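The values are calculated or read from the model by the stated rules, or taken from the named source; none is laboratory data. In this text the structure is predicted, and so the values were computed from the model without any measurement. Cβ coordinates were reconstructed from backbone atoms using ideal geometry, including for glycine residues, and neighbour counts include every protein chain displayed.
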Amino acid sequence: MAATGRECGLMAEAEAAAAAGQGEPDPDIAVVLRSYAAYARGDIDEAITALDPRVEWIEPDEFPDGGLRVGPEAVAAYLRGSRARWARLRSEPVAHRRGADIVVVHHVTGTMTDGTEHRMTVADVYTLHDGRVIRMQAYADPARVPGEPAG
């Protein structure tokens with residue numbers, strides 16, 4: 001069963017607090033995880049609220065419609081198309097800070113609109129400035145994220 005929007009929001013807040021240690025949430029992690037919760041419940045408008053007007057969003061070429069998008073509207077169009085492929089979705093992002101960036105290992109399971117079950121784990125690296133996402137680079141294989149330990 002997919003997590004509800006409220007459950008996703010609570011998980012995002014708890015994850016942000018845990019990542020920061022001592023109960024103090026990392027505000028950048030909280031921003032990023034809220035966008036995953038919004039995507040999971042299909043609220044793309046909410047998912048893009050923290051994007052800078054000049055955001056660069058890069059999806060792997062091997063993804064359907066992969067490539068570079070610039071600006072929140074282009075990202076929203078991509079995310080709407082991506083989310084529309086899922087009939088049922090469970091989103092489990094795990095985030096941590098790596099220097100100035102936020103790295104998210106995103107576990108996704110569910111049922112596609114054609115009825116097939118699908119499971120994948122990807123990694124997304126976010127760069128934020130003043131609480132706004134200025135760049136996101138996705139990796140189809142988390143082991144390919146530069147500077148991350150293999151495993």
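A compact table of results
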item	result
Any hit, the stretch 123-136, residues being farther than 18 Å from Leu33 by Cβ and among the small types (Gly, Ala, Ser)	no
Evaluation of Ala50 against (1) modelled with pLDDT of 95 or more; (2) of a type in the set (Gly, Ala, Ser); (3) over 19 Å from Asp28 (Cα atoms) (one fails), failing number	(3)
The listed residue being among the small types (Gly, Ala, Ser), without any contact (Cβ under 8 Å) to a residue 24 or more places away in the chain and within 23 Å of Pro146 (Cβ to Cβ), out of Gly71, Gly81, Gly67	Gly67
Members of the stretch 27-58 that are surrounded by fewer than 17 Cβ atoms within 10 Å (Cβ to Cβ) and in a helix (DSSP H, G or I)	Pro27, Asp45, Glu46
Those residues of the stretch 84-121 which are crowded, with 17+ Cβ neighbours inside 10 Å and either touching a Pro at 6+ places or on another chain (Cβ under 7 Å) or assigned to a helix (DSSP H, G or I) (or both), in sequence order	Val104, Val105, His106
Qualifying residue in the stretch 91-109 (condition: aliphatic (A, V, I, L, M), more than 15 Å from the chain's Cα centre (by Cα) and farther than 23 Å from Gly131 by Cα)	no
Hey, Asp61 without any contact (Cβ under 8 Å) to a residue 40 or more places away in the chain, at positive phi, surrounded by fewer than 19 Cβ atoms within 10 Å (Cβ to Cβ) and not β-branched (Val, Ile, Thr) or not	no
